[in-house]
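Taking it in order: structure first as structure tokens, then the write-up.
Here, each number is a calculation from the coordinates, and none is a lab measurement. Predicted, not measured: the structure shown is a model, and the values here were computed from it. Cβ: placed from backbone, ideal geometry, glycine included. Neighbour counts: every protein chain shown.
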Amino acid sequence: MSNIPVQKRVTYASKQVTINQALWTVLEGTGLHFAISSNRHLVVYNLMETPSKTDQVQTGTITGQVTVESSGESLPGANVFLEGTQKGATTDTDGNYMLTGIEPGSYTLVARFIGFQSFEQEVEIEADQTLTVNIQLAEQVAGLDEVVVTGTAGQARRREVGNSISSVDMETMTSVPVSTEQALQAQVPGLSVTSTSGSIGAGSQIRIRGNVSVSMSNQPLIYLDGIRLRSEPYPENVPPVGYNGRGANYNATPLNDINPADISNVEIIKGAAATTLYGSEAAAGVIQIFTKMGTPSGEPIWSARIDQGANWTPKFGAEGADYLFLDPWLKTAHTQQYSLSVRGGAEQTQYFVSGSFADNEGVLPLDSETKINGRANFRTFLAEDLILRINTGYTRHDIWNTPSGNNAQGLTLNAYRRDRNYIGSAAKEDIDQFLQYDINTVNDRFISGASLNFDQTSSLTHQVQLGFDFANSELWQFRPVGFPGAEDGIRSNIRWTYTSLTLDYLGTVEFDITPEFSADLSWGGETITTNENRTTGYGDGFPGPGDHLVTAAANRLSFEEQIKIVTGGVFSQLLLDYKDRYFLTLGFRLDGNSAFGENLGLQPYRQSQLVVCAFG
């Protein structure tokens, strides 16, 4: 194997794909397979087959509607797929789906949705056939004794909680999602995850039951192992002077700093029902993420994963304007990720440690990203009734972007407008000048927290939690001397930092009022201090060619912003239980915020919920 090149290009279905040496070494001996995927899931193809012949096979289509069996209502967001293939779709707002490009043969059609029983049906598809299969999903009885955390003060059975809570068990997923946002997509009814851009590194917009406010944030609150995180997107890489479309044209999402392979489960509370516990900022809902912990098995359990794949762009654009004339610059992009984790421990102490590295390309010429994740979780029993947990994670995310969007100094707009563009030429070598535009973003994230649980008695518990969230972004842009539309050169440098320090206390006592009437009384408080700082340098008019700093510019500007917000609240919650069937929750909260002003003072919130569980 000494003469095998570092990279090898093979052709499959008229597409050339680069495979690294390690993967080719493994596969070349068989002469049969290689991996390629548009979403980094491992897919195996047979190299002994002739792709051109396979491409000529006439295919069929399966279409239909997914509805609720009991009511006949359409079911948007359901997953429909052919078992053992890559053919799948998500139903639209009317419950409709369509699977295309299916080779003739027999398949198992599967439909799944959270809270409903799975559907399976054997189907036979012929060439040029459109088969209609309407699907009815039966509702599945929820696990009423499942323990949840997010909707109440401390742990509680699902039947006791009046709030609508959805759970996602990440450890039961058959494949690890590419990002945490993708892990939530189509998993929870009422939660939408919408992509904001096709550029690499772009985050998504998350909404729970739509927008809830015209003045406040509509992003749900995010907690990681009980630590309050920043939920708003990172700042855009846009210069402070000139047209605000000259940048990356998207926001990265802090949620994607969490490695989905490290997550054990996610709990989502919908709507404003949790304001007693989380304050008015929880009006848009709460997403609570729990990472993996160790096991008292004594033996370490190792897990390793290698993902190799490829991304390419499906055909778009009108006839005669394929790919909107971008095809000379589009590429098949290689993606790769390597992960390693270990968990274990003994009865006294358990641990979970993980690390991952990702190196991904985008389909545009300059688009690429690298990401490094590390996590260390520890749990130890300081005494029989005293437990200490420490959770720490770090992420570094480097992103390079191609100037795109509605940007007169970007690649896409000038390629689309052809000889009517901003340089008056459709020649590739002329449009290539816009690729001298350097757009680079580096995000560093450090999250750490410690919690102390004290079981004073079998019915009286206390919990104290301290959390720290630190984010740092450095955003650079550079257009050299001679750049079209900016002949004297432009450079900007934005440095943004965010810190959040949280301190929480929760106490809970359980007691019986009568043999059939019991109660849980909880009380607690929290304080959250956030600091946000932004310093920006901008310069234009450089003395000559070269990679200049802002200080070398003839015209220089600087900007500085600082924001500090302190939020605090105390609350009490009473859960009444009658015969383990009827539950009444009463809650009260007082909140204060430095943005309220001195004259507004503390603001109260009251909550009451009646839950009736009628079962035998």
Amide H of Thr402 versus every other amide H placed in the peptide plane: which residues, excluding those fewer than 5 positions away on the same chain, fall under 5 Å? Leu366, Asp367
With charges set only on the Cβ (+1 for Lys and Arg, -1 for Asp and Glu), what does the dipole of segment 382-426 come to about its Cα centre, in debye to the nearest 20? 500
Take segment 301-447, compute every pairwise Cα distance, and split them into 5 Å bins from 0; I just need the percent in each bin. 2, 8, 13, 13, 13, 10, 9, 7, 7, 5, 4, 3, 2, 2, 1, 0
Surrounding charge for Gly294, neighbours by C-beta under 15 angstrom, Lys/Arg +1, Asp/Glu -1, total 0
Treat segment 239-347 as a sphere of radius equal to its Kirkwood radius over Cα pairs and apply Stokes-Einstein at 4 °C in a medium of 1.567 mPa s; give the translational diffusion coefficient in µm²/s, rounded to a whole number. 66
Specify which residue in the list Ile513, Leu475, Leu413 is farthest towards the positive end of the charge dipole of segment 410-520, using unit charges on the beta carbon of Lys, Arg (+1) and Asp, Glu (-1), about the Cα centre. Leu413
By the gyration tensor of its Cα atoms, with a ≥ b ≥ c the square roots of the eigenvalues, what is the shape of segment 376-529: rounded for a/c under 1.5, prolate for a/b over b/c, or oblate? prolate
Local electrostatic count at Asp540 - Lys and Arg +1, Asp and Glu -1, tallied over other residues with Cβ under 13 Å: +2
Can you quote the Å³ per residue value for the convex hull of the Cα atoms in segment 442-540, rounded to an integer? 121
Among the listed pairs Lys315/Lys428; Lys87/Lys428; Lys270/Lys371; Lys87/Lys331; Lys87/Lys315, give every one whose C-alpha distance is greater than 25 Å. Lys87/Lys428; Lys270/Lys371
Please list the non-local residues whose amide H lies under 5 Å from the amide H of Asn251, H modeled 1.01 Å from N, same-chain partners needing a gap of 5 or more. Gly203
